[in-house]
Amino acid sequence: MGCSGCPQKSPRRLCLVMSPRGSLFFFIYFVINIFALVNCDAGTSLASGEQVNLALPRFPSSPADSFVPLSLMSSFPEDLEISNYCLELLSIFSQRYSDYVKCLVPAARPVRVCLKCYSGYGNLLNAYTNISSEQMGPGNESCRDSLLRSDRLMLVYVLFSNMKDLWEKSNCDFCITEKFQNVNNETTNFMKNLNQTLSCFEKYQQGNHSELCKNCKNSYKELNDLYGKMEKTLCIDIEDAMNTTRILWSKNFNCSLPRDETVPVIAVSSFMLFLPVIFYLSSFLHSEQKKRKLIQPKRLKSYTSLMNIQDKQS
């Protein structure tokens, strides 16, 4: 039976194309063939060792990608720019701050932040004083406001304040002379005795510690007495050095140093112990003496004399 609109002698495939149902089948068949052809080409390319480049979508570049950094200083008005004089002071402060920090870190243990870094702090203080002072520089300008108060961060001020607090907490002023010239005489004398004591420890520490305690007793005692005579407020360097030496003497080497004040303490303690015994003994003796010295009453004495008179008369 033939299809409508199609001659009887035409092939069946051509006849299906002309019908709606046949058009649908033909479209599906066409899509399947195209998909198979694409898979075949991809497999051939991978088998031959060729790389398959997958093209990723490219987005247009944003204006920020093509941004070229410019000098911020050149974009500000001339009245807001920092002068070369202030920039030079800032550069000096930066260098001296860096030098001082480089000195502090190695001096952390054992603590020598005062004895080793006092000159660095003096140089930093001078650099900050030049910035913070109201003294006018070239062109009658002061860098105090532009470098210290121009923003809420106040970085230069905060950095120097931290170093100043560290210096004050360490009590370094008690070890250093005025204007950071040198170590004072008292500290120099203490460090001399300290070196002698540590040299003695180093000499005898390999042998028997009893020999160390015997041979280093005098030098350690002199150092300990000198530390006791110094001012109550001492820099952190001396405090740490004495604490470390005492730990070596008592804990590491198991040595002891008899103190002179133990004799008076023992004497006073013994006196307080025997004081109650002395009190009760004296009380007992005093009571016995009273018993021996009994005094007759006057009435009894007059009655006795009267009886004697009567006896004589009789």
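The values are calculated or read from the model by the stated rules, or taken from the named source; none is laboratory data. Treat the numbers as computed from the prediction; the structure is a model and nothing was measured. Side chains included, ligands, DNA and RNA excluded: accessible areas come from the protein's heavy atoms. Shrake-Rupley method; radii C 1.70, N 1.55, O 1.52, S 1.80 Å.
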**Fraction of accessible area attributable to carbon and sulfur, the stretch 188-239 (%, probe 1.4 Å)** = 44 percent
**Message:** Could you give each residue of the stretch 117-122 its phi-based ³J(HN,Hα) in whole Hz, using Karplus coefficients 6.51, -1.76, 1.60 with θ = phi - 60°, and x for Gly or Pro?
**Reply:** 10, 5, 5, x, 5, x
**Complete:** Beyond 18 Å (Cα-Cα) in this structure, taken from Lys116/Lys232; Lys179/Lys232; Lys169/Lys251; Lys192/Lys229; Lys169/Lys229, we find Lys116/Lys232; Lys179/Lys232; Lys169/Lys251; Lys169/Lys229
**Asked** Ordered by residue, what ³J(HN,Hα) values in Hz, to whole numbers, does the stretch 160-174 give under the Karplus form 6.51 cos²θ - 1.76 cosθ + 1.60, where θ = phi - 60° and Gly and Pro are x?
**Response** 5, 4, 5, 5, 5, 4, 5, 5, 6, 5, 7, 6, 5, 5, 7
**Prompt:** Based on the alpha-carbon gyration tensor of the stretch 151-270 and its eigenvalue square roots a ≥ b ≥ c, which shape applies: rounded if a/c is under 1.5, prolate if not and a/b is larger than b/c, or oblate?
**Reply:** prolate
**Prompt:** Which cross-chain or sequence-distant (5 or more) residues have an amide H under 5 Å from the amide H of Cys255, H modelled 1.01 Å from N in plane?
**Reply:** Ser250
**Complete:** If amide H atoms are modeled at 1.01 Å from N in the peptide plane, then the residues at a separation of 5 or more from Ile176, or on another chain, having amide H under 5 Å from its own are Asn184
**Message:** Solvent-accessible area of Val156, probe 1.4 Å, all protein chains present, reported in Å² to the nearest ten, please.
**Reply:** 20 Å²
**Prompt:** Percent of accessible area on the stretch 83-177 owned by carbon and sulfur, 1.4 Å probe?
**Reply:** 52 percent
**Prompt:** In Å², what does the accessible area per residue of the stretch 87-239 work out to with a 1.4 Å probe?
**Reply:** 62 Å²
